Ligand code: FES
């Protein structure tokens, strides 16, 4: 199991268990406190925006151009911004920490 730690929109801390290959957005969307993910992972809504802890940024593949272009137009864009629908969890992500980005 992969345990990840999330800070939600209200600053509350949560832990979730994931399996290898789980899409981060799908885990977050299932939670009452989670993301809306309105486009269902089509990389077109940005309602799955998260801030990945700096120490974990390099554990994910780099952004594709469509993810990069969408993130860069957001008010809350930061260098550690990612769209969680584009992130697949692997065993190396055990202990991952992230924050749900403020809603636009
Ligand atoms: S779910 Fe819409 S961009 Fe990720």
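Within region 44-57, the set of residues being within 14 Å of the chain's Cα centre (by Cα) and free of Cβ contacts under 8 Å to residues at least 40 places away in the same chain comprises 45, 48, 54, 57. For region 20-43, the set of residues classified as within 8 Å of the ligand (Cβ to nearest atom) and in contact with a helix residue (DSSP H, G or I) (Cβ under 7 Å, 6 or more places away or on another chain) consists of 25, 35, 37, 41, 43, listed by residue number.
Every read-out reported here was derived from the displayed coordinates using simple, explicitly stated rules and does not represent laboratory data. Keep in mind that what you see is a predicted model, and the values were worked out from it rather than measured. All Cβ positions, glycine included, derive from the backbone under ideal geometry; neighbour counts span all protein chains shown.
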